[in-house]
1. Given the conditions (1) touching a helix residue (DSSP H, G or I) at 6+ places or on another chain (Cβ under 9 Å); (2) free of Cβ contacts under 8 Å to residues at least 40 places away in the same chain, and given that residue 65 satisfies all but one, which numbered condition is not satisfied?
2. List every residue pair whose Cβ atoms lie under 6 Å apart, where the two residues are 6 or more positions apart in sequence or sit on different chains, the first residue falls within segment 91-116 and is over 15 Å from residue 78 (Cα atoms), and the second residue, located anywhere, is outside any helix (DSSP H, G or I) and modelled with pLDDT under 85.
3. Please enumerate the residues belonging to segment 79-109 that are at pLDDT 75 or above, surrounded by 10 or more Cβ atoms within 10 Å (Cβ to Cβ) and farther than 23 Å from residue 138 by Cβ.
4. Quick check on residue 181: is it touching a helix residue (DSSP H, G or I) at 6+ places or on another chain (Cβ under 7 Å), buried (at least 19 other Cβ atoms within 10 Å of the Cβ) and not in a loop (DSSP other than H, G, I, E, B)?
5. Only one of these is assigned by TED's automatic domain parsing to the domain that holds residue 71, under 22 Å from residue 57 (Cα atoms) and at pLDDT 90 or above: 153, 168. Name it.
6. Report yes if residue 143 is closer than 19 Å to residue 66 by Cβ, outside any loop (DSSP other than H, G, I, E, B), touching a residue at least 60 places away in the same chain (Cβ under 8 Å) and out of contact with any helix residue (DSSP H, G or I) (no Cβ under 6 Å at 6 or more places or on another chain), otherwise no.
7. Among the residues of segment 91-106, is there at least one that is in contact with a helix residue (DSSP H, G or I) (Cβ under 9 Å, 6 or more places away or on another chain), more than 20 Å from residue 65 (Cα to Cα) and assigned to a helix (DSSP H, G or I)?
8. Would you be able to say whether some residue in segment 156-177 is touching a residue at least 24 places away in the same chain (Cβ under 8 Å), assigned to a loop (DSSP other than H, G, I, E, B) and touching a helix residue (DSSP H, G or I) at 6+ places or on another chain (Cβ under 8 Å)?
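The values are calculated or read from the model by the stated rules, or taken from the named source; none is laboratory data. These numbers come from a predicted model, not from an experiment. Here the Cβ is made from the backbone with ideal geometry for all residues, glycine too, and neighbour counts use every protein chain on show.
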């Protein structure tokens, strides 16, 4: 068995096994490759597919903008999480449990997207995450894009952000950078959704 990428360049690819080789090396007769996942701190046999793709945005731009994305991510983490009211409930214990559960889910999602941002390849326009983390990353990227929209892109109207119907060079340098951060995160979301469909 070996690992090979499936899909054309610059699109998402998942690793697949191919008979006869593992990691490009042939297996001898009687050898059985053991795939190990140590991500939980306890090694156990298993295999996790990876989602991997390259952003269309020039890597010079991503290298310039990623520090801003990380700054926004840190700022968003310091803001109190949005509370979603427990539907038609008056029991204080249930409401507290509801809010605690939501906070834990948000922290879990933020932890997964932090892994993406900490990957040195991300600054060069490469996205690589475990298949099982994709939905958590999508949720956290949505939260981050909303934060950027509400705190850093107030000068833009929704129509401009949705359609790109404006001249970027006519905006201030800060707004240009904030808009590019917003667009990079949107492209990551779009790529993940294509890989999941």
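1. (2)
2. 95/86; 95/89; 98/86
3. Residues of segment 79-109 that are at pLDDT 75 or above, as a first pass: 79, 90-109.
From what is left, the residues that are surrounded by 10 or more Cβ atoms within 10 Å (Cβ to Cβ) are 79, 91, 94-109.
Answer for segment 79-109, where residues must be at pLDDT 75 or above, surrounded by 10 or more Cβ atoms within 10 Å (Cβ to Cβ) and farther than 23 Å from residue 138 by Cβ: 91, 94, 95, 96, 97.
4. Values: touching a helix residue (DSSP H, G or I) at 6+ places or on another chain (Cβ under 7 Å): yes; buried (at least 19 other Cβ atoms within 10 Å of the Cβ): yes; not in a loop (DSSP other than H, G, I, E, B): yes.
It is true that residue 181 is touching a helix residue (DSSP H, G or I) at 6+ places or on another chain (Cβ under 7 Å), buried (at least 19 other Cβ atoms within 10 Å of the Cβ) and not in a loop (DSSP other than H, G, I, E, B).
5. It is 153.
6. The answer is yes for residue 143.
7. Among the residues of segment 91-106, at least one is in contact with a helix residue (DSSP H, G or I) (Cβ under 9 Å, 6 or more places away or on another chain), more than 20 Å from residue 65 (Cα to Cα) and assigned to a helix (DSSP H, G or I), which makes the answer yes.
8. Of the residues in segment 156-177, the ones touching a residue at least 24 places away in the same chain (Cβ under 8 Å) are 177.
Going one step further and asking which of them are assigned to a loop (DSSP other than H, G, I, E, B), we end up with none.
Looking through segment 156-177, none of the residues is touching a residue at least 24 places away in the same chain (Cβ under 8 Å), assigned to a loop (DSSP other than H, G, I, E, B) and touching a helix residue (DSSP H, G or I) at 6+ places or on another chain (Cβ under 8 Å).
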